[in-house]
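Down below is the structure, laid out as structure tokens.
The values are calculated or read from the model by the stated rules, or taken from the named source; none is laboratory data. All of these numbers come straight from a predicted model, not from anything done at the bench. Because the Cβ atoms are built from the backbone with ideal geometry, glycine has one as well, and the counts that use them run over all protein chains shown.
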Amino acid sequence: MSSQRSATAGESVAGKPQARRAATASIAGTTLEFYDFTIYGLASALVFSQVFFPTVSPTIGLLSAFATFGVGFLMRPIGGFLFGHIGDRFGRKNALVTTLLMMGISTVLIGCIPSFDSIGYWAPALLVILRLFQGLAYGGEWGGAVLMAGEHAPKNKRILYSALPNVGVSAGSLLGNLAFLLVASLGPDVMNQWAWRLPFWLGAILVIVGLMIRVGVDESPEFLKTVKNDGPARLPIVECFRRYPLQILLITGVMAGGATAAYINIAYSVSFATGAGVDRGIPLLAIMISNAMQLVLIPLFAILASRVGLGRVFFFGTLAWAVLMLFLFPALGSGNITLIFLAYLIPYGIGFCPMNATIPSLFAESFDPRVRYSGLVGAQLGTAIAGFTPFVAVLVNTAAGPTAVGLMGSGMLLLAAICGMILAHGLVKAKQIIPDKLPARSHTSI
């Protein structure tokens, strides 16, 4: 896919203030999403085994906690189907306001669940239920945020605006790590007893801020133009799978690879490092600094992609990340603080950025606007595959050692690189099928 294609993929009819507001709203939503995601992943690694699974061995408790982390990913594709349908039929904005509320309410309620010692097995049961609601909301949030930012963007800044929701990903992870770093400073006993709840309750602030921004954003001008000219699709997800099956499969491969590597970095590695005797604050601080680097580097790589092409930045960046992943666990096992920091800052702080600067445009431009939101369900299928990465990593480490975990991450990134390049070069085409249409007026009501 060339940069020229990206620049001319469609011109926003929105003014600059609305384009900026749409970008800000998208960043706010993904910030909340990945704040929720990060604090849940860290709580799974550091706290949940003691709070919700205290009657089993530490290893089984850790596996159980990571299983609850992964179960939310089973709902992501369902959320992608549901909110893709809403977003393609009735508007991006309607879907995104709903996902923001679902995410925020679920997160705050997780912080309110009594421990196993208080209510027994109801505690982990409630944890799983709320995690499922989180997963449902996550399934529609990222894709909608990418589309709202990109479809409002000026034509020469489409790649950059589409990448901005991934800046929210890094911002949310930064805030989540900061929250747990502060909580960890209170000591393990205080954190395990009650302080772990504070980061979940603080998510309410992000919900309020996000809603204040999001409700003031106009509907996507590209969506309105498409509905006016062609009418919305009758069943967007059905039409999308009929016309773009290979594109969805390739996006699934890209996202599965990238998400597996990311979850190894931000979830499993923390548990591994603390198990190896490293103070838990060190990997949290290193991840937080990496996230701060990403806030700057993701937009810079997006600008670079606008000039030299999405495909080049995506492919070479992903390959570099695959190589760098091999050094993560040897560095963590060394106990050397300098090496530990470098093991996070280089692969995750830098290597993560080229992929995450380019995949929003790469994915969105693979589909017709009438079914674009539904098409991004491929990203949720990929994250669902990767969602049990911490669980699998525990098993792989037990069976074959930490080097095998690093090889798993690198291998999945190679898969992502191959799938992404096939997609970027347009080697698969949409099937020529007469789309199902509805009258243009039908998008105004569900």
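Tabulated data
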{"item": "Among the residues listed as 331, 404, 320, 399, the single one being at pLDDT 90 or above and either touching a strand residue (DSSP E or B) at 6+ places or on another chain (Cβ under 6 Å) or over 25 Å from residue 62 (Cα atoms) (or both)", "result": "320"}
{"item": "Odd one out for residue 64 among (1) assigned to a helix (DSSP H, G or I); (2) in contact with a helix residue (DSSP H, G or I) (Cβ under 6 Å, 6 or more places away or on another chain); (3) more than 28 Å from residue 148 (Cβ to Cβ)", "result": "(2)"}
{"item": "Scan of the stretch 209-223 for residues that are in contact (Cβ under 8 Å) with a residue 40 or more places away in the chain and either charged (D, E, K, R) or in a helix (DSSP H, G or I) (or both), ordered by number", "result": "209, 210, 211, 213, 214, 218, 219, 221, 222, 223"}
{"item": "Selected residue (only one of 393, 384, 379, 357 is in contact with a Pro (Cβ under 7 Å, 6 or more places away or on another chain), part of a helix (DSSP H, G or I), under 26 Å from residue 138 (Cα atoms) and among the small types (Gly, Ala, Ser))", "result": "384"}
{"item": "Condition met for residue 164 (more than 28 Å from residue 251 (Cβ to Cβ) and in contact with a helix residue (DSSP H, G or I) (Cβ under 6 Å, 6 or more places away or on another chain))", "result": "no"}
{"item": "Options 416, 386: the member that is under 20 Å from residue 317 (Cβ atoms) and modelled with pLDDT under 90", "result": "386"}
{"item": "The stretch 105-143: number of residues that are farther than 16 Å from residue 37 by Cβ and small (Gly, Ala, Ser)", "result": "5"}
{"item": "Qualifying residue in the stretch 305-313 (condition: surrounded by fewer than 21 Cβ atoms within 10 Å (Cβ to Cβ) and within 23 Å of residue 174 (Cα to Cα))", "result": "no"}
{"item": "Scope the stretch 360-376; condition touching a Cys at 6+ places or on another chain (Cβ under 8 Å) and assigned to a helix (DSSP H, G or I); matching residues", "result": "371, 374, 375"}
{"item": "In the stretch 329-351, the residues that are within 21 Å of the chain's Cα centre (by Cα) and part of a helix (DSSP H, G or I)", "result": "344, 345, 347, 348, 349, 350, 351"}
{"item": "Output for the stretch 91-106, where each listed residue is part of a helix (DSSP H, G or I) and of a type outside the set (Ser, Thr, Tyr)", "result": "92, 93, 94, 95, 96, 97, 100, 101, 102, 103, 104, 105"}
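Per-residue answers, yes or no, for (1) part of a helix (DSSP H, G or I); (2) touching a Leu at 6+ places or on another chain (Cβ under 6 Å); (3) surrounded by fewer than 24 Cβ atoms within 10 Å (Cβ to Cβ):
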residue: 246; (1), (2), (3): yes, no, yes
residue: 253; (1), (2), (3): yes, yes, yes
residue: 260; (1), (2), (3): yes, no, no
residue: 270; (1), (2), (3): yes, no, no
residue: 278; (1), (2), (3): no, no, yes
